Amino acid sequence: MPDHVWNKIKDHPCYSEEAHHYFARMHVAVAPACNIQCNYCNRKYDCSNESRPGVTSERMTPEQAARKVVAVANKVPQLSVLGIAGPGDSMFDALKTFETFRQVEKLLPDLKFCVSTNGLALPDHVDRLADHNIDHVTVTINMVDPEIGTAIYPWIYFKGKRYTGLDASKILHERQMESLERLKGKDILVKVNSVMIPGVNDAHLMEVNAAIKERGAFLHNVMPLISDPAHGTHFGLTGQRGPTPSELKTLQDQLAGGANLMRHCRQCRADAVGMLGEDLSQDFTMDKIGDEV
Ligand code: CLF
Ligand code: SF4
């Protein structure tokens, strides 16, 4: 691996399997709104692109987020990455996302920034991401065939208009591919998350893997659909099941040899704090850190 790539991943717990034993990440939930509807989402909970549905984050302003990051940095010395991954889409509400980064970089200039997005609004913000020295962007891509997309995305909201059906999935697909190309052009490392939905896109994820590899994605993270009827997602209500651990592993094994695979994802919540798999978020709620910083 070239040195300039190694330098970007060596202390990022998601981009490097090894780093996740030594470094921690935190998310701040500053992006409440979303510009698409995924059939596996329930808006009452966090964005399930990057986070486990079923838990609701404490929504916060950029000022509150900056205070929280300082409080965590003071107590968690392993903290190396600040990510914005919801509870909606980080790039739809990009003003809040960038304002958070602007405030935090003044206080903690060595912290790495990371964003996760569905990619629809992303091409418009790539230059700005590069201006903030952001080296890590996750795009959730569940299909490269818009016909398959119609079973996953009932609608999108794009440039002031709502689109449904095939039109919606075509636009989303084109914007996601444009995102990958533009990020590659800026040398930003891209991780693609794909939600494995049995019978919908599982057999198609090989094609997704090939398409993202061709466009320079650094990592592919295939995550199992978490479809809980109790949380009222469309898939939950229609009885769509998630994959079994062995189905997921079989698919990951089939994907070996394509784009590099991430296998240590813990499907974090939008306000996760700590090492991957550790959840300190309840120790750093605003009422607890209120007077400390
Ligand atoms: Fe957060 Fe995501 Fe950045 Fe990591 S999480 S925005 S890339 S700092 Fe990591 Fe969590 Fe998996 Fe995400 S384990 S859900 S892959
Ligand atoms: Fe929900 Fe995230 Fe999909 Fe938006 S991108 S609909 S918040 S899962």
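A short reminder: the numbers here are calculations on the coordinates, not readings from a lab. This is a predicted model, so every value here is computed, not measured. Cβ atoms come from the backbone with ideal geometry, glycine included; neighbour counts cover every protein chain shown.
Before moving on, here are some points about what is shown:
- In the condition set (1) more than 15 Å from ligand 1 (Cβ to nearest atom); (2) touching a helix residue (DSSP H, G or I) at 6+ places or on another chain (Cβ under 8 Å); (3) charged (D, E, K, R), residue 131 is compliant with all but (2).
- Subset of region 188-212 [touching a residue at least 60 places away in the same chain (Cβ under 8 Å) and either closer than 11 Å to residue 120 by Cα or surrounded by fewer than 16 Cβ atoms within 10 Å (Cβ to Cβ) (or both)]: 207
- Any pair with Cβ under 7 angstrom, 6 or more apart, that starts in region 1-19 at a residue that is among the hydroxyl-bearing types (Ser, Thr, Tyr) and ends at one that is assigned to a helix (DSSP H, G or I): 15/9; 16/9
- Here residue 263 fulfils each of the conditions (1) within 16 Å of ligand 1 (Cβ to nearest atom); (2) outside any loop (DSSP other than H, G, I, E, B); (3) surrounded by fewer than 16 Cβ atoms within 10 Å (Cβ to Cβ) apart from (2).
- Matching residues in region 54-88 - criterion: being within 12 Å of ligand 1 (Cβ to nearest atom) and in contact with a Gly (Cβ under 9 Å, 6 or more places away or on another chain): 79
- Residue match in region 216-225 (condition: more than 27 Å from residue 21 (Cα to Cα) and surrounded by fewer than 21 Cβ atoms within 10 Å (Cβ to Cβ)): no
Matching residues to (1) within 18 Å of residue 265 (Cα to Cα); (2) surrounded by fewer than 22 Cβ atoms within 10 Å (Cβ to Cβ); (3) in contact with a His (Cβ under 8 Å, 6 or more places away or on another chain):
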site: 53; (1), (2), (3): yes, no, yes
site: 56; (1), (2), (3): no, yes, no
site: 59; (1), (2), (3): no, yes, no
site: 64; (1), (2), (3): no, yes, no
site: 71; (1), (2), (3): no, yes, no
site: 76; (1), (2), (3): no, yes, no
site: 89; (1), (2), (3): no, no, no
site: 109; (1), (2), (3): no, yes, no
site: 112; (1), (2), (3): no, yes, yes
